[in-house]
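J.: Following this message is one structure expressed as structure tokens.
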């Protein structure tokens, strides 16, 4: 799993995340494992959590992956002192009670964690708070978190809105001083119906269409939340951090409902492709985002069964898109045909483009139309390229997925249907496909 995750070039990894974050007490997860107390995870399955995977385990894993850790602090059931102690424990190099305890537990030098979430879903499972109450509480927590390690670079992220709760963002931006906040979170899931989410694999084309409608909603959410942030932060110093997103369906039959284990199909590849294109195109404000989740839960990139491992279609999209990392955004305007189902329609094609430090241009496309290919012509605006290569992720049916018996059913293959013409690029995208091109 570590080798597979390294190939994704993960910029940052959030933990413990979810509703569990506001019941997690970090001090239970350090020290000798046989002496750590246990708790019942009332949010996910009602099972006993033995705290065998704690702060050292997570931060050391992040070092193995070459990724920045993002710790989600407990505001809902924790205290200011508890979070301050955690900051001191992981980030302070000098002599102090917490750094001395860290050394006793086998880690001499600090990890110097930069990214900190101040609570999770404070509007819901993080405490059912009002935005005004949470904004004041955030100010209190954020005030005491600095002073250990490289405090100037601490990136404090407020628990942000649930989907289209624009008032939540308004109140936070209005009431939290700019010097106390680096990011405002946003959570949005592509869910057909919270009361009847539908199956992860045996879905109809209508269910497929509705899920992608929900995924497309991200464009509106990012645009409107950004507009509110622009009023208070016109220089865009504060990031919009979409630190939970993805598809959510009924769990696989026979599994614990609280574990949220679900399969991952071409539909999930479409969600990932659409969403990442939206994030790329709003890179001025969306400067961090976190798929929920990594392994075996929701729209995971990896599924496991004892010693077996499957890379999901979502994994492959994330790997294909990492060519955009640390590159410069190229604005891309698309006029596209619609994907029509009955009386409803959606834009069939999304895209984003960037140029990397080596001068290579990458363009990522999704065609969400379940039945029709789509031809896209790009005006290159005077840019000249000698070659175009690419990869495509697609399959015969939108319900197709990788299994432990057939783990390579869906994987990227070479793409040949892109042609450079004088001043333009013509691309024919297969039905329900993700394509990433490289132009040199």
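J.: Working carefully through the options 412, 407, 430, find the one that is modelled with pLDDT of 95 or more, within 23 Å of residue 347 (Cβ to Cβ), surrounded by fewer than 20 Cβ atoms within 10 Å (Cβ to Cβ) and not assigned by TED's automatic domain parsing to the domain that holds residue 315.
T.: Going through 412, 407, 430 in turn, the sole match is 430.
J.: Does residue 184 satisfy the condition of being in contact (Cβ under 8 Å) with a residue 12 or more places away in the chain and closer than 30 Å to residue 92 by Cα?
T.: yes
J.: Picking from 267, 214, which residue would you name as being closer than 25 Å to residue 43 by Cα and part of a helix (DSSP H, G or I)?
T.: 214
J.: Out of segment 134-148, which residues are touching a strand residue (DSSP E or B) at 6+ places or on another chain (Cβ under 9 Å) and either assigned to a helix (DSSP H, G or I) or farther than 17 Å from residue 159 by Cα (or both)?
T.: Passing the criteria: 134, 135, 137, 138, 141, 142, 146.
J.: Let me confirm something: among 22, 3, which residue is under 20 Å from the mean Cα position of the chain (by Cα) and free of Cβ contacts under 8 Å to residues at least 60 places away in the same chain?
T.: 3 is the lone residue from the list that is under 20 Å from the mean Cα position of the chain (by Cα) and free of Cβ contacts under 8 Å to residues at least 60 places away in the same chain.
J.: Criterion first (more than 22 Å from residue 251 (Cα to Cα), assigned to a helix (DSSP H, G or I), out of contact with any helix residue (DSSP H, G or I) (no Cβ under 8 Å at 6 or more places or on another chain) and in the same structural domain as residue 287 (by TED's automatic domain parsing)) does residue 227 satisfy it?
T.: Spelling it out, residue 227 is indeed more than 22 Å from residue 251 (Cα to Cα), assigned to a helix (DSSP H, G or I), out of contact with any helix residue (DSSP H, G or I) (no Cβ under 8 Å at 6 or more places or on another chain) and in the same structural domain as residue 287 (by TED's automatic domain parsing).
J.: Moving on. Of 417, 369, which residue is at negative phi, crowded, with 18+ Cβ neighbours inside 10 Å and in contact with a strand residue (DSSP E or B) (Cβ under 9 Å, 6 or more places away or on another chain)?
T.: Being at negative phi, crowded, with 18+ Cβ neighbours inside 10 Å and in contact with a strand residue (DSSP E or B) (Cβ under 9 Å, 6 or more places away or on another chain) holds for just one of 417, 369, which is 369.
J.: Among the residues of segment 44-72, count how many are surrounded by 15 or more Cβ atoms within 10 Å (Cβ to Cβ), in a loop (DSSP other than H, G, I, E, B) and in contact (Cβ under 8 Å) with a residue 40 or more places away in the chain.
T.: Of the residues in segment 44-72, 3 are surrounded by 15 or more Cβ atoms within 10 Å (Cβ to Cβ), in a loop (DSSP other than H, G, I, E, B) and in contact (Cβ under 8 Å) with a residue 40 or more places away in the chain.
J.: Output the number of the condition that residue 134 fails; it satisfies all remaining conditions of (1) surrounded by fewer than 17 Cβ atoms within 10 Å (Cβ to Cβ); (2) touching a helix residue (DSSP H, G or I) at 6+ places or on another chain (Cβ under 9 Å).
T.: (1)
J.: Also, I was wondering about something else. Looking at the structure I just gave you, is residue 323 surrounded by fewer than 23 Cβ atoms within 10 Å (Cβ to Cβ), in contact with a strand residue (DSSP E or B) (Cβ under 8 Å, 6 or more places away or on another chain) and assigned to a helix (DSSP H, G or I)?
T.: The answer is yes for residue 323.
J.: Looking only at residues in segment 243-264 that are in contact with a helix residue (DSSP H, G or I) (Cβ under 6 Å, 6 or more places away or on another chain) and either in a loop (DSSP other than H, G, I, E, B) or touching a residue at least 60 places away in the same chain (Cβ under 8 Å) (or both), which one is surrounded by the fewest Cβ atoms within 10 Å (Cβ to Cβ)?
T.: 251
J.: Look at segment 320-341 and say how many of its residues are farther than 20 Å from residue 391 by Cβ and touching a residue at least 60 places away in the same chain (Cβ under 8 Å).
T.: 2
J.: Among the numbered criteria (1) more than 30 Å from residue 198 (Cβ to Cβ); (2) surrounded by fewer than 21 Cβ atoms within 10 Å (Cβ to Cβ); (3) touching a residue at least 60 places away in the same chain (Cβ under 8 Å), which one does residue 400 miss?
T.: Tallying (1) more than 30 Å from residue 198 (Cβ to Cβ); (2) surrounded by fewer than 21 Cβ atoms within 10 Å (Cβ to Cβ); (3) touching a residue at least 60 places away in the same chain (Cβ under 8 Å), residue 400 fails exactly one: (1).
J.: Follow-up question, since we're still on this one. Out of 84, 80, 75, 90, which single residue is touching a helix residue (DSSP H, G or I) at 6+ places or on another chain (Cβ under 7 Å), under 27 Å from residue 4 (Cα atoms), assigned by TED's automatic domain parsing to the domain that holds residue 299 and touching a residue at least 12 places away in the same chain (Cβ under 8 Å)?
T.: 90
J.: Test residue 375 against the criterion of being in contact (Cβ under 8 Å) with a residue 40 or more places away in the chain, in contact with a strand residue (DSSP E or B) (Cβ under 8 Å, 6 or more places away or on another chain) and closer than 18 Å to residue 269 by Cβ, and give yes or no.
T.: Taking the combined requirement at face value, the residue does not satisfy it.
J.: Could you check segment 97-113 and list, in sequence order, the residues that are touching a helix residue (DSSP H, G or I) at 6+ places or on another chain (Cβ under 6 Å) and closer than 16 Å to residue 147 by Cβ?
T.: Across segment 97-113, the qualifying residues are 98, 110, 112, 113.
J.: Would you mind telling me which numbered condition in (1) crowded, with 17+ Cβ neighbours inside 10 Å; (2) in contact (Cβ under 8 Å) with a residue 24 or more places away in the chain; (3) more than 19 Å from residue 21 (Cα to Cα) residue 99 fails?
T.: Failed condition: (2).
J.: Do we find a residue being under 29 Å from residue 158 (Cα atoms), surrounded by fewer than 18 Cβ atoms within 10 Å (Cβ to Cβ) and touching a strand residue (DSSP E or B) at 6+ places or on another chain (Cβ under 8 Å) anywhere in segment 180-202?
T.: Within segment 180-202, one or more residues are under 29 Å from residue 158 (Cα atoms), surrounded by fewer than 18 Cβ atoms within 10 Å (Cβ to Cβ) and touching a strand residue (DSSP E or B) at 6+ places or on another chain (Cβ under 8 Å).
J.: OK, next. Among the residues that make up segment 231-242, is at least one of them within 30 Å of residue 195 (Cβ to Cβ), touching a strand residue (DSSP E or B) at 6+ places or on another chain (Cβ under 9 Å), assigned to a loop (DSSP other than H, G, I, E, B) and at pLDDT 95 or above?
T.: No; the residues of segment 231-242 include none that is within 30 Å of residue 195 (Cβ to Cβ), touching a strand residue (DSSP E or B) at 6+ places or on another chain (Cβ under 9 Å), assigned to a loop (DSSP other than H, G, I, E, B) and at pLDDT 95 or above.
J.: Between 217, 235, which is within 25 Å of residue 12 (Cβ to Cβ) and without any contact (Cβ under 8 Å) to a residue 24 or more places away in the chain?
T.: Matching residue, one of 217, 235: 235.
The values are calculated or read from the model by the stated rules, or taken from the named source; none is laboratory data. Predicted model, so just to flag it, every value in this text is computed and none were measured. With ideal geometry, Cβ positions are generated from the backbone for all residues, glycine too; neighbour counts draw on all protein chains shown.
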